[in-house]
1. For the stretch 54-65, check the following and say yes or no: at least one residue is surrounded by 11 or more Cβ atoms within 10 Å (Cβ to Cβ), in contact (Cβ under 8 Å) with a residue 40 or more places away in the chain and either farther than 15 Å from Arg87 by Cα or touching a Cys at 6+ places or on another chain (Cβ under 8 Å) (or both).
2. Filter the stretch 12-53 down to the residues that are more than 20 Å from Lys82 (Cα to Cα), among the hydrophobic types (A, V, I, L, M, F, W, C) and loosely packed, with under 12 Cβ neighbours inside 10 Å and list them by number.
3. If you check every pair at least six apart or on different chains, which have Cβ atoms under 7 Å apart with a residue in the stretch 77-100 that is farther than 18 Å from Tyr32 by Cβ and at pLDDT below 80 first and a residue that is of a type outside the set (S, T, N, Q) and surrounded by 10 or more Cβ atoms within 10 Å (Cβ to Cβ) second?
4. Can you report the number of residues in the stretch 1-39 which are within 13 Å of Thr60 (Cβ to Cβ) and out of contact with any Asp or Glu (no Cβ under 8 Å at 6 or more places or on another chain)?
5. Tell me the residue from Glu42, Glu85, Glu79 that is of a type in the set (D, E, K, R) and more than 13 Å from the chain's Cα centre (by Cα), please.
Amino acid sequence: MEQIKEMKDNSIDSCVTDPPYGISFMGKKWDYDVPQVELWEEVMRVLKPGGHALVACGTTGIACKLEGFEFIGIELEPEYVKIAEARIEAWKLDKQEKLL
């Protein structure tokens, strides 16, 4: 996170990554955490206009919406779709509560 914060706005053409998803895939410790929305906000900040991000993570959709980007979610596994939808819905509810 520290390195991306040092990058200039609109400085990269593309971001392709498959970060941890927080589901303990195959019981592996590297998949316990989920990248926070703030990380994806930074990715969107450093992407050039017209840049592309191909990211396998539900929090990416939240950051895209916050930063005014379009996003398309694609997932083959129904279980993972439910996880991503739940994270996005939880964010929407949290955002609505903050507006009240």
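1. yes
2. Within the stretch 12-53, Val16, Trp30 qualify.
3. Close Cβ pairs (under 7 Å, with a partner that is of a type outside the set (S, T, N, Q) and surrounded by 10 or more Cβ atoms within 10 Å (Cβ to Cβ)) amount to Ile88/Gly58; Ile88/Gly61; Ile88/Ile62; Trp91/Ile62.
4. 11
5. Values: Glu42 fails: more than 13 Å from the chain's Cα centre (by Cα); Glu85 fails: more than 13 Å from the chain's Cα centre (by Cα).
Going through Glu42, Glu85, Glu79 in turn, just one is of a type in the set (D, E, K, R) and more than 13 Å from the chain's Cα centre (by Cα): Glu79.
The values are calculated or read from the model by the stated rules, or taken from the named source; none is laboratory data. Since this is a predicted model, take the numbers as computed values, not measurements. Ideal geometry is used to build each Cβ from the backbone, glycine not excepted, and the neighbour counts take in all protein chains shown.
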